[in-house]
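**Student:** Quick one: the structure is below, and I'll ask about it shortly.
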Amino acid sequence: MPVDPKAPASGRAAVPRAGGARPGSGRISGRAAVPVRGYADDAGEPPGGRPPTRTGRPRRRWRRIAVVTALVLAVGAVLGTGGLLWYAHDLDSNMARTDAFQGIDPQQRPAKPIESTFNALILGSDSRDPDGTAGKYRADTIILLHVPSDRSRAFLISIPRDLWVYIPPTPDGSKGGFEDKINSATAHGGVPLMVQTVENYTGVRIDHVILVDFGGFVEVTDALGGVEMDIEQTITSIHKPYRTFEAGRRELRGEEALDYIRQRMQFPDGDFTRMRNQQQFLRALMDKATSTGTLTNPARLNAFLQTVTRALTVDEDLSLIDAAMTFRNLRSDDLTFLTSPHVGTGMAGGQSVVFSDDERAADLYEAVRQDRLAQWLEANPDA
């Protein structure tokens, strides 16, 4: 069905799916539902893997944000000792900056009914991936981080990278205006177009953007003396020097770990195993940092924070001090993990994609907007 490229950013118009093969688009966060879309996977691998489940102890989804969480919690601990604001300023200068909202008309962005909430878009990728497309940054991990007004907890909503969404036109109209997988937005128009796409889909206004480069964590891993990972099956890397990774629990140094989490073609579910291994890698970093006393040892803490902050790129307005103050009272038990509602996979545009459950997604993101996500979770315990 044709898409109106001039559909307003404040709403999404319901779009019926041809032949009943795909779910109908309902209203998302009170906005007119506009069709959604993403990039063709460079390996042609279908989305899949086991759907995430909510348990008393978050696992894989925690791993995705382990390093970012370690960063803000550690900085909060440093600030808590008093008189060390200069140190946070030093760390702040380590992080690369990007104009994440370049050219976006503020009037075309979603309203923010509750100003005191904190919404950040976390994007993860491996810019050094030998299999990557030159010059095409694709977000392998997309997470909407929401902290309510009372700062009592944090909610992390994982958005499937293959979610079929509408990529809105860039401000100059030269790109976008079609359906594609959501993670293609960065390839088509950089981080600003990803911001536009996520805001258009969710109706949630993004305050800040954090980009995590998996490749940059080689140095972090080596600073910690390596990490322990569970190798699911014995495989040989497809990249030079063609390492063999034996099944079992192994300690990996930086280059070895990065090589392992890049592998996908040897696994039945391809990209989804790679995603799980990347998540395991981040969790292993967090576990090693904690188990070796990094967060309580000034010298180790400094080395850890220096290397982590150098692996991050953030928007121009994000202050590490402000972020630390926002997260200062949060610990892992205060983190709640969700996945953006979807109805599974199917074919669209000649590629295998994930389709949104528009009705449930509308309710979820409206709860984010209205700062009542805790109540929404109580009413949706299976989310």
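**Student:** What tally of residues in region 348-372 results from selecting those that are surrounded by fewer than 22 Cβ atoms within 10 Å (Cβ to Cβ), not basic (Lys, Arg) and not in a strand (DSSP E or B)?
**Tutor:** 9
**Student:** Being among the polar types (S, T, N, Q), assigned to a strand (DSSP E or B), in contact (Cβ under 8 Å) with a residue 40 or more places away in the chain and under 28 Å from Asp150 (Cβ atoms) narrows it down to one residue among Thr326, Thr313, Thr336, Thr345; which is it? Talk me through it step by step, then tell me what you get.
**Tutor:** Working: Thr326 fails: assigned to a strand (DSSP E or B); Thr313 fails: under 28 Å from Asp150 (Cβ atoms); Thr345 fails: under 28 Å from Asp150 (Cβ atoms).
Result: Thr336 is the single residue among Thr326, Thr313, Thr336, Thr345 that is among the polar types (S, T, N, Q), assigned to a strand (DSSP E or B), in contact (Cβ under 8 Å) with a residue 40 or more places away in the chain and under 28 Å from Asp150 (Cβ atoms).
**Student:** Please tell me if Leu71 is of a type in the set (A, V, I, L, M), surrounded by 14 or more Cβ atoms within 10 Å (Cβ to Cβ) and either at pLDDT 55 or above or closer than 17 Å to Gly216 by Cα (or both).
**Tutor:** yes
To keep it simple, each residue is scored yes or no on (1) more than 19 Å from Phe155 (Cβ to Cβ); (2) out of contact with any Lys or Arg (no Cβ under 7 Å at 6 or more places or on another chain); (3) modelled with pLDDT of 75 or more; (4) of a type in the set (Val, Ile, Thr).
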{"position": "Gln279", "(1), (2), (3), (4)": "no, no, no, no"}
{"position": "Leu295", "(1), (2), (3), (4)": "yes, yes, no, no"}
{"position": "Val308", "(1), (2), (3), (4)": "yes, yes, yes, yes"}
{"position": "Val314", "(1), (2), (3), (4)": "yes, no, yes, yes"}
{"position": "Leu318", "(1), (2), (3), (4)": "no, yes, yes, no"}
{"position": "Thr326", "(1), (2), (3), (4)": "no, no, yes, yes"}
{"position": "Ser332", "(1), (2), (3), (4)": "no, yes, no, no"}
{"position": "Phe337", "(1), (2), (3), (4)": "no, no, yes, no"}
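**Student:** Among the residues in region 158-181, are any in a helix (DSSP H, G or I) and under 22 Å from Tyr365 (Cβ atoms)?
**Tutor:** Step one: list which residues in region 158-181 are in a helix (DSSP H, G or I), which gives none.
No, region 158-181 contains no residue that is in a helix (DSSP H, G or I) and under 22 Å from Tyr365 (Cβ atoms).
**Student:** If you don't mind, another one. Which of the residues spanning region 156-196 are under 18 Å from Asp99 (Cα atoms), touching a residue at least 60 places away in the same chain (Cβ under 8 Å) and surrounded by 24 or more Cβ atoms within 10 Å (Cβ to Cβ)?
**Tutor:** Ala185, Met194, Val195, Gln196
**Student:** Next question. Of all residues in region 103-121 being of a type in the set (S, T, N, Q) and assigned to a loop (DSSP other than H, G, I, E, B), which is nearest to Met194 (Cα to Cα)? Give the steps one after another, and end with the answer.
**Tutor:** Filtering region 103-121 down to residues of a type in the set (S, T, N, Q) leaves 107-108, 116-117, 119.
Still in the running and assigned to a loop (DSSP other than H, G, I, E, B): 116-117.
On the way: Ser116: 23, Thr117: 21 Å.
Per the criteria, the residue is Thr117.
The values are calculated or read from the model by the stated rules, or taken from the named source; none is laboratory data. Computed from a prediction, not measured in an experiment: that's the story for all the values here. A quick note on method: Cβ atoms are made from the backbone with ideal geometry, for glycine too, and the neighbour counts reach across all protein chains shown.
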